[in-house]
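In what follows, a structure is listed as structure tokens, so that the remarks can point back to it.
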Amino acid sequence: MAKTLNYRIFAQRNKFLIKMNLHEYQGKELLSSFGVRIQRGIVVQSAKEAVDAAKQLTAETGTGWHVIKAQVHAGGRGKGGGVKLAKNLNEVEEIAGKIIGMDLVTPQTSAEGKRVHQVLVAEDVYYPGKNEPQEYYMSVLLNRGTGRNMIVYSTEGGMDIETVAEETPELIHNEEIDASTGILPFQARRIAFNLGLSGTAFKEMTKFVTALYTAYVKSDASLFEINPVLKTSDDLIMAVDAKVTLDANALYRHRDLAQLRDLREENPIEVEAGALGLNYVDLEGNVGCMVNGAGLAMATMDLIKQAGGEPANFLDVGGTADAARVEAAFGIILKDPAVKAILINIFGGIVRCDRVAQGVIDAYKNMGNISVPIIVRLQGTNADIAKELIDNSGLDVMSATEFQEAADKVQAVLS
């Protein structure tokens, strides 16, 4: 997927992004801890472990068939060959061996795909019985328009909800929840009724919905998406899949959940930048940005667009733009081979511009291999001294005072 500007940029506070995704098996374990019925499974890292897991599941559940699921942070795994049904232990070993280590390409990954490091060996829950299994869609998230949590649900489970919304919007329902009361019994019953359930399945669904919403609130999640929610042939309701996204800014309240972060699934440059204390989001573009303050960073990216370029990143160095921090930021920006120029735009309020300028000069000399043009715009405290330092440094660094001047110089180096 193309890396584009999105809401993550506006809410970065520290090395964590605004959200933290869980793997399916982690999400299911979280749901189960709140009483949500789940499809049971065991996560493994090798084909041999997959066979052992299948044997254990057979002993515990009686299942003879098993579902092998790639564990990556991306939807549409089945479309890319990352979800397969194994009807015996030989197939378990063969399928797990093929999926582990593959670069899985789905509609939600880049063309290179994502490397699969582990698979979930899950029980087969589509067993025969008195009724036909039925799949539903359900998610819990915040309605930003009303400021309330809502449960979105549909009878069309197992399908892309975007497709359902476009082609048959009447099949999508939502239930808004008042945060002061939480989900009320009549709301859970209404959801079960709208899904066409009755009898045991009706009661099971009300329990499922109530537990699901409780898990969402108690874990400080920003999204639960269960697709599908399954009504089994004996009218049990369970989560067969689980996409769970946590609010990373609330992880200080959930130290146990913070440990579930899988850095292998995240952009490696963003992870490295986070470890250095830099607020960084990787984008597709040709002009690297180094700015202090999120608002100024957004304005700087607009400036680059107006000059005919495309921002290669969002990078907020914060209020301590000393030589070490500037050098670290240079190193991160230059990891992107698409960068053709770097624009440094600093407003010296708390931080003095002359110190930033000296930091740029020191970093440039220390790195010694910066081969792209650098435009530095410093405004605020000691900006005149900073400009003099840059102009007299003897380095291939261009200084600017006004926004338009910086834009003109960006345009010149790109042309």
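Bear in mind that the values in this text are calculations on the coordinates, not laboratory data. These figures come from a predicted structure and were not determined experimentally. Here Cβ is always computed from backbone atoms with ideal geometry, including for glycine, and neighbour counts include all displayed protein chains.
Other residues within the sphere of radius under 12 Å centred on the Cβ of MET238, judged by their own Cβ, net out at -1 (K and R +1, D and E -1). The candidate values are [x] 4, 16, 20, 21, 18, 11, 5, 2, 1, 0; [y] 5, 22, 32, 27, 13, 2, 0; [z] 4, 19, 24, 20, 15, 11, 5, 1, 0; the one derived from this structure for P(r) over Cα pairs in 10 Å bins from 0, in percent carries the label [z]. Need one word for segment 268-414: rounded, prolate or oblate. Basis is the Cα gyration tensor (sqrt eigenvalues a ≥ b ≥ c); a/c below 1.5 gives rounded, then a/b vs b/c decides. It comes out rounded by the Cα gyration axes. Only helical runs count toward this figure. For the chain, summing -39,500 (n - 2.57) over DSSP H runs of n ≥ 4 and dividing by all residues gives -10500 deg cm²/dmol at 222 nm.
Using alpha-carbon pairs under 8 Å, 6+ residues apart, how would you state the relative contact order of segment 289-388 in percent?
Working: 161 pairs, mean separation 29.7, N = 100.
It comes to 30 percent, rounded to a whole number.
Write down the Kirkwood hydrodynamic radius of segment 40-124, to one decimal in angstroms, obtained as one divided by the mean of 1/r over all alpha carbon pairs.
Details: mean 1/r = 0.0802 Å⁻¹.
Result for segment 40-124 stands at 12.5 Å.
If you take all other residues with their beta carbon under 10 Å from the beta carbon of LYS114, and give Lys and Arg +1 and Asp and Glu -1, the sum is 0. With Cβ to Cβ distances under 9 Å as the rule, what net charge do the other residues near ALA188 carry (K, R +1; D, E -1)? Summing Lys and Arg as +1 and Asp and Glu as -1 gives +2. With contacts taken as Cα pairs under 8 Å and at least 6 residues apart, the chain reaches a relative contact order of 14 percent. Over all distinct Cα-Cα pairs of segment 323-378, the Kirkwood formula returns a hydrodynamic radius of 11.6 Å.
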